[in-house]
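Visitor: Please find one structure pasted underneath; my questions will follow.
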Amino acid sequence: MSDYIIEMLNITKEFPGIIANDNVTLQLKRGEIHALLGENGAGKSTLMSVLFGLYQPEKGEIRKNGQTVKIKDPNDANALGIGMVHQHFKLVEVFSVLDNIILGVEPTTGPFGFLRKAQAREKVVALSERYGLKVDPDALVEDITVGMQQRTEILKMLYRDNEVLIFDEPTAVLTPQEIEELMKIMKGLAAEGKSILFITHKLDEIKAVADRCTVLRKGRFIGTVDVASTSKEELSEMMVGRKVQLVMDKPPCHPGESILTVQNLTVKSKRNSKNVVSNVSFNVRRGEIVCIAGIDGNGQSELVYALAGLMKSDSGKVFLNNKEITHMSVRERTESGMSHIPEDRHKHGLVLDYTLENNFVLKRYNQEPFSKGGFLRFSEIRQYADGLIERFDVRSGQGPTTIARSMSGGNQQKAIIAREIDMGCDLLIAVQPTRGLDVGAIEYIRKELLEQREAGKAVLLVSLELDEVLEVPDRILVMYEGEIVGELDPRHTTAAELGLYMAGARKNG
């Protein structure tokens with residue numbers, strides 16, 4: 001029998017204007033965790049989509065246990081024991097957790113195919129206990145956390161008895177605690193004999209769980225290395241093709257007058273009368289980066305929605321450049337000098353079915369030079385888009401005319417960042433700006449945030465990444481249960497101390 005459970009040999013996959021995978025070979029051993037590393041748009045998700053039957057390659061072959069196999073669709077993949085957790089989960093929001101897990105493989109009985117849900121529930125509960133995947137089978141997907149949605153996706157694979165598990169950017173939307181839990185789950189699955197393919201940008205995660213790592217760059221195979229004997233610096237250089245500065249050089253901060261002032265802001269929950277943001281006051285000054293830190297779900301999202309005009313506040317005031325904007329529309333806030341890189345790039349950041357160039361001018365299409373006399377000037381829009389694509393290294397198959405939906409998640413994020421930074425606003429609100437980006441792109445975005453600071457702009461950063469919270473800002477405000485429980489200086493704060501504030505163990509110093 002072959003040493004490898006899965007072999008993808010000389011795979012080539014093309015799309016209009018781009019070769020996503022160019023003669024790529026990947027070999028997965030039984031019981032190993034194998035990381036697939038590469039920049040945004042390097043072809044990682046495409047390669048895994050070929051393995052899962054979502055795409056058909058132009059060239060190459062796939063082998064399972066040494067035998068050549070044809071995978072025409074995900075049903076073929078499941079029949080071969082291959083399962084996949086996608087970066088953007090494939091769950092039916094109005095169904096329960098249990099219904100999502102058994103969807104498509106429902107156990108039935110008798111000639112009329114009566115559903116045997118009790119039997120399915122027993123299997124799901126047994127699997128969740130065996131692998132430490134805590135879920136509520138009866139909860140609706142729309143009501144559960146992102147972490148539980150991911151556990152539901154993993155249980156979907158295990159319920160189908162899959163032995164090859166593909167995780168596509170599994171930690172991109174998780175909190176640090178959920179990431180730690182997922183790493184334990186993955187190690188447990190590998191110990192049980194499952195073979196795992198793990199797409200990620202995060203070098204720390206590769207070092208923590210992976211046995212071997214295959215690196216792709218611009219669609220090409222660069223090499224497969226043993227993780228234990230390869231440093232993070234070596235991995236990042238293989239991925240990006242140059243040395244990457246993993247730690248940021250930051251000149252001292254010289255803040256000026258207050259650009260954003262928030263006074264006693266309170267926001268009530270949409271579901272009940274509880275405050276999700278409770279009497280919050282702070283300011284962000286010209287020439288400084290202030291970070292709102294906290295475990296996900298402690299009011300950071302609602303605070304930003306209230307500041308950006310996506311949600312009404314119940315009391316308190318917001319001032320931008322000493323002008324009250326509390327009740328202004330989103331457009332009025334933009335015109336008053338606010339840029340916003342949103343948390344949910346699909347919901348609030350892009351119109352996915354628009355082209356890249358149209359997304360770039362979403363907030364400015366009604367201004368010169370992009371329109372005149374009520375008519376759009378397409379040549380000006382195209383020229384502007386070309387400039388942003390080059391400056392921010394947004395990679396897409398057909399340049400400005402690429403449909404946003406077809407781009408990789410990281411390049412969608414770069415497009416939003418390009419649009420918001422180039423607006424030249426006095427205040428930039430950046431919510432998880434580096435989520436889902438590779439080390440080269442993270443380095444670039446952090447430098448851009450620093451450049452905004454150096455140009456005298458005010459930057460409000462919201463981040464769940466501990467290293468980012470400690471490295472990028474000049475001040476850290478910690479949110480816990482809707483309140484600001486501490487203000488910290490990152491130069492004199494440790495990750496352990498920050499963690500205590502984030503967990504609510506220390507309030508207000």
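Since every read-out is calculated from the coordinates, none of them should be taken as a lab result. Since we're looking at a predicted model, the values are computed, not measured. Every residue, glycine among them, receives a Cβ derived from its backbone with ideal geometry; neighbour counts consider all protein chains shown.
Visitor: Over the range 81-213, what relative contact order in percent results from Cα pairs under 8 Å that are six or more residues apart? Please report the intermediate quantities before stating the final value.
Guide: Values: 173 pairs, mean separation 42.1, N = 133.
Normalised by residue count, the contact order of the range 81-213 is 32 percent.
Visitor: Return the distance in nm (one decimal) between the two label points of a simple spin-label model at Phe114 and Thr401, each offset 7 Å from Cα along Cα→Cβ.
Guide: Taking the two extended label points, one gets 5.9 nm.
Visitor: So, one more: Counting Lys and Arg as +1 and Asp and Glu as -1, what is the net charge of the other residues whose Cβ lies under 14 Å from the Cβ of Glu443? Walk me through the numbers before you get to the answer.
Guide: On the way: positive: Lys202, Lys232, Arg242, Lys243, Lys250, Lys414, Arg446, Lys447; negative: Glu39, Glu233, Glu237, Asp249, Asp393, Asp438, Glu448, Glu451, Glu465, Asp467, Glu468, Glu471.
Net charge in that neighbourhood comes out at -4.
Visitor: Something else about it: When only DSSP loop residues count, what GluC sites (Glu not before Pro) in the range 132-234 have their Cβ near at most 16 other Cβ atoms within 10 Å? Please report the intermediate quantities before stating the final value.
Guide: On the way: sites: Glu142, Glu153, Glu163, Glu178, Glu180, Glu181, Glu192, Glu205, Glu233, Glu234; in loops: Glu163, Glu192.
Answer by residue number: Glu192.
Visitor: Using unit Cβ charges (K, R positive; D, E negative) and no other charged atoms, how large, in debye to the nearest 20, is the dipole of the chain about its Cα centre?
Guide: Numbers: 64 positive and 71 negative charges, 132 e Å.
With Lys and Arg at +1 and Asp and Glu at -1, about 640 debye.
Visitor: Using +1 at the Cβ of each Lys and Arg and -1 at the Cβ of each Asp and Glu in the range 369-509, identify which of Pro369, Ile417, Val469 lies farthest towards the dipole's positive end.
Guide: Pro369
Visitor: Next up: Given axes a ≥ b ≥ c from the Cα gyration tensor, I'd like to know whether the range 141-291 is rounded (a/c under 1.5), prolate (a/b larger than b/c) or oblate. Working shown, then result.
Guide: Numbers: a/c = 3.30, a/b = 1.33, b/c = 2.48.
Judged from the Cα gyration tensor, the range 141-291 comes out oblate (a/c at least 1.5, b/c at or above a/b).
Visitor: Would you mind checking Lys29/Lys447; Lys64/Lys117; Lys90/Lys134; Lys29/Lys90 for any pair whose Cα atoms are more than 30 angstrom apart?
Guide: Exceeds cut-off: Lys29/Lys447; Lys64/Lys117.
Visitor: Largest first and in whole Å, give the semi-axes of the range 357-509's equivalent ellipsoid, each being the square root of 5 times a Cα gyration tensor eigenvalue. All intermediate terms of the calculation are to be shown ahead of the outcome.
Guide: Working: eigenvalues 255, 55, 34 Å².
Here the semi-axes work out to 36, 17, 13 Å.
Visitor: Determine the percent antiparallel among the DSSP beta bridges restricted to the chain, to the nearest 5.
Guide: Working: 47 of 86 bridges.
Beta bridges within the chain, antiparallel portion: roughly 55 percent.
Visitor: Apply the Karplus parameterisation 6.51 cos²θ - 1.76 cosθ + 1.60, with θ equal to phi minus 60°, to every residue of the range 184-194 and state each ³J(HN,Hα) to the nearest whole Hz, in sequence, with x for glycine and proline.
Guide: 5, 4, 4, 5, x, 5, 5, 5, 7, x, 6
Visitor: Between Val94 and Asp204, what FRET efficiency comes out of the Förster formula 1/(1 + (r/R0)^6) with R0 = 35 Å and r the beta carbon distance, rounded to 0.05? Please list the in-between numbers first.
Guide: Values: r = 36 Å, r/R0 = 1.04.
In this case the efficiency is close to 0.45.
Visitor: Could you tell me whether the range 49-201 comes out rounded, prolate or oblate from its Cα gyration tensor? Rule is a ≥ b ≥ c as square roots of the eigenvalues, rounded for a/c under 1.5, then prolate if a/b exceeds b/c, otherwise oblate.
Guide: Details: a/c = 1.66, a/b = 1.14, b/c = 1.46.
It is oblate, given that a/c is not under 1.5 and a/b is not larger than b/c.
Visitor: Let me ask you something else. Only one of the values [x] 30; [y] 24; [z] 41 was calculated from this structure for percent of Cα pairs over 38 Å apart; name its label.
Guide: Label [x] holds the value from this structure.
Visitor: Mind pulling the angle between the C-alpha long axis of helix 409-422 and the longest principal axis of the chain? Nearest 10 degrees, somewhere in 0 to 90.
Guide: Relative to the chain, helix 409-422 is tipped by roughly 10 degrees.
Visitor: Ranking request for peptides 23-31, 371-379, 43-51: highest mean number of other beta-carbon atoms within 10 Å first, then the rest in descending order. All intermediate terms of the calculation are to be shown ahead of the outcome.
Guide: Working: 23-31: 18.1, 371-379: 10.6, 43-51: 24.9.
In descending order of packing, they fall as 43-51, 23-31, 371-379.
Visitor: When the Cα centres of the range 443-490 and the range 42-96 are compared, how far apart do they sit, in Å?
Guide: Going from one Cα centre to the other spans 38 Å.
Visitor: A further question follows. Which of Leu54, Phe319, Gly486 sits closest to the plus end of the dipole of the chain, meaning its Cα is farthest towards the positive end, when Lys and Arg get +1 and Asp and Glu get -1 on the C-beta?
Guide: Working it through, the farthest residue towards the positive pole turns out to be Leu54.
Visitor: Out of the DSSP beta bridges found with both residues in the range 408-509, what percent are antiparallel (nearest 5)?
Guide: 50 percent
Visitor: Taking amide H atoms as placed 1.01 Å from N in the peptide plane, list the residues 5 or more away in sequence, or in a different chain, whose amide H sits under 5 Å from that of Ala293.
Guide: Amide H neighbours of Ala293, under 5 Å, 5+ apart: Leu477, Val478, Met479.
Visitor: From Cα coordinates alone, what are the radius of gyration and Dmax values for the range 163-251 in angstrom?
Guide: According to the Cα coordinates of the range 163-251, Rg and Dmax are 14.2, 50 Å.
Visitor: Same structure, new question: Per residue of the range 338-354, in order, report the coupling 6.51 cos²θ - 1.76 cosθ + 1.60 (Karplus, θ = phi - 60°) as ³J(HN,Hα) in whole Hz, putting x for Gly and Pro.
Guide: Along the range 338-354, the couplings run 10, 10, 9, 8, x, 5, 9, 5, 7, 7, 10, x, 9, 9, 4, 8, 8 Hz.
Visitor: Taking a ≥ b ≥ c as the square roots of the eigenvalues of the Cα gyration tensor of the range 111-228, is the shape rounded (a/c under 1.5), prolate (a/b larger than b/c) or oblate? All intermediate terms of the calculation are to be shown ahead of the outcome.
Guide: Values: a/c = 2.21, a/b = 1.86, b/c = 1.19.
Here the range 111-228 falls in the prolate category.
Visitor: What is the magnitude of the charge dipole of the range 24-101 about its Cα centre, with +1 placed on the Cβ of each Lys and Arg, -1 on the Cβ of each Asp and Glu, and no other charges, expressed in debye to the nearest 20?
Guide: On the way: 9 positive and 8 negative charges, 72 e Å.
In debye, rounded to 20, the range 24-101 gives about 340.
Visitor: Can you give the angle from 0 to 90° between the axis of helix 439-454 and the longest principal axis of the chain, with both taken from C-alpha atoms, to the nearest 10?
Guide: The answer is roughly 0 degrees.
Visitor: How far is the Cα center of the range 235-282 from the Cα center of the range 142-221, in Å?
Guide: Taking the Cα centre of the range 142-221 as reference, the centre of the range 235-282 is 27 Å away.
Visitor: Now for a different question. Put +1 on the Cβ of each Lys and Arg and -1 on the Cβ of each Asp and Glu in the chain; which of Ser339, Ser45, Ile381 then has its Cα farthest toward the positive end of the dipole?
Guide: Value computed over the given set: Ile381.
Visitor: What is the extension gain from Ala139 to Ser229, computed as 0.36 nm multiplied by their sequence separation minus the C-alpha to C-alpha distance, in nm to one decimal?
Guide: On the way: separation 90, 0.36 × 90 = 32.40 nm, distance 4.38 nm.
Extra length from Ala139 to Ser229 when fully extended: 28.0 nm.
Visitor: Against the longest principal axis of the chain, how steep is helix 378-392, in degrees 0 to 90 to the nearest 10, with axes from Cα atoms?
Guide: Computed tilt is about 80 degrees.
Visitor: Just to be sure I follow the rule: in the range 251-358, considering lysines 8 or more places apart or on different chains, how many pairs have Cα atoms under 25 Å apart?
Guide: 12
Visitor: If you don't mind, there's one more thing I want to ask. By what distance, in whole Å, do the Cα atoms of the range 80-121 stretch along each of the three principal axes, largest value first?
Guide: Taking max minus min along each principal axis of the Cα atoms, the range 80-121 gives 38, 29, 16 Å.
Visitor: Based on Cβ point charges of +1 for Lys and Arg and -1 for Asp and Glu, what charge dipole magnitude is obtained for the range 329-486 about its Cα centre, in debye rounded to the nearest 20?
Guide: Numbers: 20 positive and 26 negative charges, 130 e Å.
The dipole magnitude comes to about 620 debye.
Visitor: Grab the DSSP H runs of the chain that are 4 residues or longer, score each as -39,500 (n - 2.57), total them, divide by all residues and round the 222 nm result to the nearest 500 deg cm²/dmol. Before the final figure, lay out each step's value.
Guide: Details: 16 runs with 160 residues, N = 509.
My calculation for the chain gives -9000 deg cm²/dmol from helical runs alone.
Visitor: Three principal axis extents, largest first, for the C-alpha atoms of the range 39-110, in Å?
Guide: 42, 34, 18
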